[in-house]
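The values are calculated or read from the model by the stated rules, or taken from the named source; none is laboratory data. Just so we're clear, the structure is a prediction, and the values are computed from it rather than from any experiment. Here Cβ is always computed from backbone atoms with ideal geometry, including for glycine, and neighbour counts include all displayed protein chains.
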């Protein structure tokens, strides 16, 4: 009986909260927020907050065409794998008061798991057989190479700061350290790293100006060109989830992660309330990070050429992260 | 209920694919003007898509020149259903001043059913938005019709 | 049974050599005889090696065998001894796995070639030599095996002599390989001069008294010699050509066991014989070598236009990982290195077999002339993707697990010593991993996805006997990643323990107490503990749950969704044609030769220099090897002093 | 980047500039050319719009109906370029491009503007009265090209098949000579209007040809003065003309200010003027002149005017006798200075005066051509010309301004020369001179 309850609980956390459903909903909401605020920054009214959700449901209702030159299995499986891996990854982040599986993967694993959706996108695009997609996957891969260096430097800086002379890739420990010493963002040696991370997020998510891979004006949305219907919807969902995931990761690494713990009134009520409050606070933080690193940057810049993008990440952003790492290494 | 949600979403998030079949560029510019802050068609979920596979509304401008005819047909074939075709300006419907030219193969109606015609040369962005809005509603009806067909088929 | 088992190590080697002779005698005309000899030899040999597992890995014994029962007399080993500890057997397992699968694969793969009798002979000799190399306890015997290995490998490289570049590659291999062999031999001679023994266990015991300049020189020479065999960076030049020119079944053997032989030699040398790894400067020297190797290999691979050549450079790069990890000098590092060596055998073997399958089916491995094979060869594509994901280190495949070990090992060295150098190593390792992914994305796009060129429309899936080895290796890749705790407990921990306990090695060979008498003490090697957290099985289960949920939704919601439409075989139906902005969808494939120009453009200068250095002239290559060896020897002298 | 950042944040907290369009109607700017509004009642079915429509968006359909036909005009908005030419060409203002831009429809039929009007069959066709001066304006304005006019032979003809009875020509006629009359042949100049001519449009057909026999003479008098005639007759100024000997007619008059610059001749659309610079003569072919008065506008010296003068009467024997009514000799008494506009010589005035006009005036008199006398010299001796004073600074401005290129100024040599034969005395140089060194005066040397 207990086992069944436990299994049900796990299933709940995998599929609903904080798993797939929750992540999707929040991701779509974040994406909608991004679009809305972007529009307001451009003095437009902008789409409704639920626009990404509408887009997603609309795509579910469309036909799915598989081009004759495509490899059907890979073409259709790629978006599903991407979404599933993202949904599962959420469970490894200790960003909620309730983080069932955060002990089961550390930073390096997160780094690699993050590549799976990108690889899924690349494989799907490649499998579609379109030459536009060929260009798109090339760019996607270069973008990945570009942001991976700053990302690992940021991770190492965080690990060194929180772990001292011990190996510390565990997210739980990073969160615990921050609970004790205050969020990492407020340690001045980590500020460059946080900035670098803020630059990594839009590249990882693929928003302008770092969206060379999916430039719809030049290469017809690159890897996505042949996708239609539900698979396309899943890719759009992936982007939305990634948005949430990356901002949440930022919150975990630099803003202390698990929010607050409040106990009010009866225990059960307090638990429920604190869960709700945690979620709300996290959401607010994610919104702020999204605003800062994606919307604002998007509003004031134009798309970078791929070679410039690569250079930017390996010089400016990696430089920022490296400064942090060296400062931390020097014990600051 | 889920069906209704999908059909509803369809009318709220129509993505455009724009085909210029020899247009003078007037309509094309006005279509882009719809996305500017002044008109902001994104309020209704309109978005320019890069590929016909993503399109819900295909906007055709220009009088279908013989160079563009095959390309138009091929592109229209690749749009997943349900989708709407909107003719922008006078050219696709009639050829406008180009009608009768050796190189004009219009009107568009010869090749595909046009759901909404927006007249004008060029239409004002307001008129384009109005036309697209109407097309979005038609899209929803088409989706419901497809559902109905399926239900009857079962 | 027990009595038989003691003979198994040497028999396993002997069977292969015997098979080589038999194949030359009987296998010349008869295909059946050839196949029978090949398969029976490799399977018997493999069975014998597998039979050693319980004793060595589970019970922790070290097996010894004295040829002709010439046991040590008066504390001096005069006969040739075989000594099978966990490290040796670990490599032996890799070797037998490789050659068994390669043998099965070559049945059909090589059917279009002539002189298959010679092929069988050379192949068995190669297998026997590498197996002997990892099992022997005698350093001269080891050299002999290296020589047999080198010459069999050279001959196999040149086996398709009519194909472009095969003879040239063989010549380069011969020259550079001979330089390596020469250095190894000189080192062994110096050691013999110093210690009057050739038995490694005894050498280790004798050398514990301190290193004379002559033995330091021997260490330098032999490190360089095995570096040549492992294709570390200044010595890597023949590898690219040889791997490309050799038949794929042989390329697989090269990357699966021939360069592992070098790695094994290096580990045995620095850890067991000289026990020099307590010097951090030597560690750093080797780590620099390894890091440079992995970086140079992967960047060169990014610039390649040929499937097999690309794989060859990746072999170099992955060996860099292994050497880096092994040189970290910690249990975690060594196990990570060994794990990666094992995984490299699996996924690189798999990838070479895929390249062979492509060559078999399409007749070329040129990335610019291939494309869209996934529709014709779905199984090969699936195997290739598994291999590519493994080598790129995507979870949950085995490549990720071993790389993860390596990162952790490097980073824990970094934080515990406070040396920024290890941070650089960690970062380089991660970046190399991403670049590896990039270059395999390039292969995926160029060979398997994209569009099928018209001249490849007749391509068919390769025969079953070629697919079976690939399937086995794919399963290995997946299992290694998913069940890494099991692997690390049963295989890696004993092997790493063997690396760090030379006294056990010495005692087993020379009798208990020898080590203590010689003053050989084992550093207090910690048990293998993986500090990181990662549960691939759990992850996979969760992923499967989510996927199932998806499929449930899809199945139940079939009515609500738009139908999934596919081509229905109509190639020219416009509705399913590739979108070309309205143009007729003519075959148009983004080939792989320069897929990542956005990356290359920023690295233009580097690539110009690197490609200029790989001039293809054997004179240049030989001089790199010699200069590299000289520098290495000087560095080792600097480390140990000239006194 | 940072200014943009500032702007973006500013925008975030300011009102969006988006129109709340579908919710609130948004009118187009004035004079926007949108949906066509067609007032069928005003339409006269002239078809000009169809002619000028470049995309061919306008079609007309005629369906027979009782007592005439239903005429339906269709304006296809999906074919229209909204250039507005049809609106410009519509003489009756039936077509108007409104500011309505909401031209969106799922059914293209909704984008067709149409209107039908009933056009009663007109009994007769287009007729011309004797007022006709053969100026060809009607022929040029006819959308269907149904009218042919030959000035030389004084022939006016309408093709009834082609004529769509739009009535544009009636409006264009300077003399009010056209009307929808009976269905008979167009009246020729020689044959006055038939007595039974019924007028459907009294305004356009002013001549009540049947009511009185006499009045027909009045328009004819006008005609007579301009009709072609072989003989040339002497002209005298109107105030000196003896009504017994002279007809008082209207025409272009030249004053002494004329400098024979030939501009008027070049501007004359009918090529009725001949000016000889050398001989200093100015000749007008009065039978060709249609009194369009362009020469008046063109004259740089304002030497031309429209006026009345006496024209020597034709000998009576040339007069063809009207067939029906023997005309009583009449004498024109009052309105000697008839204005150029035709209506002034309309029956209302002509009728009472008809009695006074001598019968000769009723005939188509041969037109006359007058040769003006050479301009009397302004000074005592020598012709008029441009004179230069010592204030000249040889700036060459005058030379640059001279339309005839007759001035040459050499700044270096300080010479100023004028080719008096070419000079037309237009006076531009005088105006151009910054030093007021030039003047118009008598050339003495």
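Just give me the residues in region C:352-383 being surrounded by fewer than 23 Cβ atoms within 10 Å (Cβ to Cβ), away from chain A (no Cβ under 12 Å) and not in a helix (DSSP H, G or I), in sequence order.
C:363, C:364, C:365, C:366, C:368, C:369 - these are the residues of region C:352-383 that are surrounded by fewer than 23 Cβ atoms within 10 Å (Cβ to Cβ), away from chain A (no Cβ under 12 Å) and not in a helix (DSSP H, G or I).
In region A:64-73, what residues are assigned to a helix (DSSP H, G or I) and at the interface with another protein chain (Cβ under 7 Å from one of its Cβ atoms)?
Scanning region A:64-73 gives a single hit, A:72.
Tell me whether region B:114-125 contains one or more residues that are surrounded by fewer than 19 Cβ atoms within 10 Å (Cβ to Cβ), more than 14 Å from chain C (Cβ to nearest Cβ) and either under 29 Å from residue B:43 (Cα atoms) or in contact with a strand residue (DSSP E or B) (Cβ under 8 Å, 6 or more places away or on another chain) (or both).
No, region B:114-125 has no match at all.
Can you go through B:43, B:137 and tell me which one is within 7 Å of another protein chain (Cβ to nearest Cβ), modelled with pLDDT of 85 or more and surrounded by fewer than 24 Cβ atoms within 10 Å (Cβ to Cβ)?
Being within 7 Å of another protein chain (Cβ to nearest Cβ), modelled with pLDDT of 85 or more and surrounded by fewer than 24 Cβ atoms within 10 Å (Cβ to Cβ) holds for just one of B:43, B:137, which is B:43.
Among strands (runs of 3 or more DSSP E) lying entirely in region B:35-130, which contain 3 or more residues that are under 30 Å from residue A:212 (Cβ atoms)? Write out each step before concluding.
On the way: elements: B:57-61, B:84-88, B:116-118.
Here the list reads B:57-61.
If you go through region C:1-21, how many residues are surrounded by fewer than 22 Cβ atoms within 10 Å (Cβ to Cβ) and closer than 17 Å to residue C:107 by Cβ?
0
Return the residue satisfying two criteria in turn: it lies in region D:167-180 and is surrounded by fewer than 23 Cβ atoms within 10 Å (Cβ to Cβ) and closer than 19 Å to residue D:51 by Cβ, and of such residues it is modelled with the highest pLDDT.
Among them, the one singled out is D:170.
Please tell me if residue C:628 is more than 14 Å from chain A (Cβ to nearest Cβ), more than 30 Å from residue C:449 (Cβ to Cβ) and not in a helix (DSSP H, G or I).
no
Can you name the helices (runs of 4 or more DSSP H) wholly within region C:154-262 that have at least 1 residues being surrounded by fewer than 23 Cβ atoms within 10 Å (Cβ to Cβ)?
Here the list reads C:166-195, C:200-207, C:213-230.
Regarding residue C:440, is this residue within 12 Å of chain A (Cβ to nearest Cβ), assigned to a helix (DSSP H, G or I) and within 18 Å of the chain's Cα centre (by Cα)?
Judged against the criteria, residue C:440 is a match.
Tell me which of these residue C:441 doesn't satisfy, since it passes every other one: (1) modelled with pLDDT of 85 or more; (2) surrounded by fewer than 24 Cβ atoms within 10 Å (Cβ to Cβ); (3) closer than 20 Å to residue A:130 by Cβ.
Unmet for residue C:441, out of (1) modelled with pLDDT of 85 or more; (2) surrounded by fewer than 24 Cβ atoms within 10 Å (Cβ to Cβ); (3) closer than 20 Å to residue A:130 by Cβ: (2).
Take the conditions at pLDDT 85 or above, more than 24 Å from residue A:324 (Cβ to Cβ) and facing chain C (nearest Cβ under 7 Å) and apply them to residue A:88. Does it pass?
No, not satisfied.
So, residue D:52, is that one under 16 Å from residue D:88 (Cα atoms) and without any contact (Cβ under 8 Å) to a residue 40 or more places away in the chain or not?
Criteria met by residue D:52.
Could you tell me whether residue A:139 is within 13 Å of chain C (Cβ to nearest Cβ) and within 21 Å of residue C:436 (Cβ to Cβ)?
yes
Return yes when residue A:5 is modelled with pLDDT under 80, within 14 Å of chain C (Cβ to nearest Cβ) and either surrounded by fewer than 23 Cβ atoms within 10 Å (Cβ to Cβ) or closer than 30 Å to residue D:10 by Cα (or both) and no when it is not. Before you say what the answer is, go through the steps one by one.
Details: modelled with pLDDT under 80: yes; within 14 Å of chain C (Cβ to nearest Cβ): no; either surrounded by fewer than 23 Cβ atoms within 10 Å (Cβ to Cβ) or closer than 30 Å to residue D:10 by Cα (or both): yes.
Judged against the criteria, residue A:5 is not a match.
Please report, ordered by residue number, the helices (runs of 4 or more DSSP H) entirely within region A:260-332 with at least 1 residues that are more than 22 Å from the chain's Cα centre (by Cα), within 14 Å of chain C (Cβ to nearest Cβ) and modelled with pLDDT of 70 or more. Don't jump to the end; show me each part of the working.
Working: elements: A:267-290, A:296-300, A:306-312, A:318-329.
By residue number, A:306-312, A:318-329.
May I ask you to list the residues in region A:154-174 that are assigned to a helix (DSSP H, G or I), buried (at least 22 other Cβ atoms within 10 Å of the Cβ) and within 19 Å of the chain's Cα centre (by Cα)?
Result: A:154, A:155, A:156, A:158, A:171, A:174.
Tell me, please, whether a residue that is modelled with pLDDT of 70 or more, touching a strand residue (DSSP E or B) at 6+ places or on another chain (Cβ under 6 Å) and in a strand (DSSP E or B) can be found in region D:365-379.
No.
Is one or more of the residues making up region A:54-61 assigned to a loop (DSSP other than H, G, I, E, B) and at the interface with another protein chain (Cβ under 7 Å from one of its Cβ atoms)? Break it down stepwise before answering.
The first filter runs over region A:54-61 and keeps only residues assigned to a loop (DSSP other than H, G, I, E, B), leaving A:61.
Going one step further and asking which of them are at the interface with another protein chain (Cβ under 7 Å from one of its Cβ atoms), we end up with A:61.
For region A:54-61, residues assigned to a loop (DSSP other than H, G, I, E, B) and at the interface with another protein chain (Cβ under 7 Å from one of its Cβ atoms): present.
For residue C:91, state whether it is touching a residue at least 12 places away in the same chain (Cβ under 8 Å), under 22 Å from the mean Cα position of the chain (by Cα) and surrounded by fewer than 21 Cβ atoms within 10 Å (Cβ to Cβ).
no
How many of the residues in region C:534-563 are within 30 Å of residue B:7 (Cβ to Cβ) and either modelled with pLDDT of 75 or more or part of a helix (DSSP H, G or I) (or both)? Before you say what the answer is, go through the steps one by one.
Filtering region C:534-563 down to residues within 30 Å of residue B:7 (Cβ to Cβ) leaves C:546-563.
Those still in the list that are either modelled with pLDDT of 75 or more or part of a helix (DSSP H, G or I) (or both) too: C:546-556.
Total satisfying the criteria: 11.
Residue-wise test of (1) over 21 Å from residue B:139 (Cα atoms); (2) more than 11 Å from chain C (Cβ to nearest Cβ); (3) surrounded by fewer than 24 Cβ atoms within 10 Å (Cβ to Cβ).
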{"position": "B:4", "(1), (2), (3)": "no, no, yes"}
{"position": "B:15", "(1), (2), (3)": "no, yes, yes"}
{"position": "B:32", "(1), (2), (3)": "yes, yes, yes"}
{"position": "B:54", "(1), (2), (3)": "no, no, no"}
{"position": "B:59", "(1), (2), (3)": "no, yes, no"}
{"position": "B:66", "(1), (2), (3)": "yes, yes, yes"}
{"position": "B:69", "(1), (2), (3)": "yes, no, yes"}
{"position": "B:84", "(1), (2), (3)": "no, yes, no"}
{"position": "B:93", "(1), (2), (3)": "no, yes, no"}
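Are there any helices (runs of 4 or more DSSP H) wholly within region D:1-105 with 1 or more residues that are touching a strand residue (DSSP E or B) at 6+ places or on another chain (Cβ under 7 Å) and either within 20 Å of residue B:99 (Cα to Cα) or more than 13 Å from every other protein chain (Cβ to nearest Cβ) (or both), and if so which?
Details: elements: D:2-12, D:48-52, D:85-89.
In region D:1-105, the matching helices (runs of 4 or more DSSP H) lie at D:48-52, D:85-89.
How many residues are surrounded by 24 or more Cβ atoms within 10 Å (Cβ to Cβ) and in a helix (DSSP H, G or I) when one looks only at region C:384-402?
Counting residues in region C:384-402 that are surrounded by 24 or more Cβ atoms within 10 Å (Cβ to Cβ) and in a helix (DSSP H, G or I) gives 13.
Does residue C:150 fit the bill of being under 20 Å from residue C:632 (Cβ atoms), within 20 Å of the chain's Cα centre (by Cα) and touching a residue at least 60 places away in the same chain (Cβ under 8 Å)?
Working: under 20 Å from residue C:632 (Cβ atoms): yes; within 20 Å of the chain's Cα centre (by Cα): yes; touching a residue at least 60 places away in the same chain (Cβ under 8 Å): yes.
Here the answer is yes, as residue C:150 does meet what is asked.
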